[in-house]
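Peer 1: Let me begin by handing over the structure; questions about it come next.
What follows is calculated from the coordinates using simple rules that are stated; it is not laboratory data. None of the values given here were measured: they were computed from a predicted structure. In this analysis, Cβ positions are derived from the backbone assuming ideal geometry, glycine residues included, and neighbour counts consider all displayed protein chains.
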C-alpha cells in the first residue's frame, strides 16, 4: 500500500481472498473523515460494496474508477467516523 496526502492505494490482487476484506476494512477504518482509498482488485468488488452497506451505512462513498475486464479500481471515501447507526462491526479496531 502506498500513502499520499489524501488518498491511499490498496492493491489486493496478490492477496489470498480470505485476507482481502479484513485488510480493506482496516485500511478504511484508519482513514480520516473525508479521506479516500483507491482499491485495486482483479474482479468487481460488488460483494464488498454490499458488506460496506450492511456494516457502515451512510459512512462511505463508493465510486468506480475502472470497471474491468482485468482490473477494477474503486475510490472509497470515508464520510463519517464510524457506523452511522452507532454500532461498530469491529473490523477497524474501533477507529
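Peer 1: Once you have the Cα-Cα distance between residue 50 and residue 63, take 0.36 nm times their residue separation minus that, and quote the gain in nm to one decimal. Don't skip to the answer; put the middle values down first.
Peer 2: Working: separation 13, 0.36 × 13 = 4.68 nm, distance 1.36 nm.
Full extension of this stretch gives 3.3 nm more.
Peer 1: Normalised by the residues of segment 2-78, what does the relative contact order come to in percent, with Cα pairs under 8 Å and at least six apart? Display every interim value, and only then the final one.
Peer 2: Values: 112 pairs, mean separation 25.2, N = 77.
Answer for segment 2-78 is 33 percent.
Peer 1: Going by C-beta contacts inside 10 Å, put 79, 15 in order with the fewest on the left.
Peer 2: Working: 79 12, 15 15.
So the residues, fewest neighbours to most, are 79, 15.
Peer 1: May I ask for the equivalent-ellipsoid semi-axes of segment 2-78, computed as the square root of five times each C-alpha gyration tensor eigenvalue and listed largest first in whole Å?
Peer 2: Numbers: eigenvalues 60, 40, 32 Å².
Over the Cα atoms of segment 2-78, the ellipsoid semi-axes are 17, 14, 13 Å.
Peer 1: Have a look at the DSSP beta bridges in segment 2-78 and tell me what percent are antiparallel, nearest 5. Provide the component values of the computation, followed by the final result.
Peer 2: Details: 15 of 20 bridges.
Of those bridges, close to 75 percent are antiparallel.
Peer 1: How much length is gained if the chain between residue 80 and residue 18 is pulled fully straight, taking 0.36 nm per residue apart and subtracting their Cα-Cα distance, in nm to one decimal? List each step's numbers first, then the result.
Peer 2: Working: separation 62, 0.36 × 62 = 22.32 nm, distance 2.64 nm.
Fully extending the segment from residue 80 to residue 18 adds 19.7 nm.
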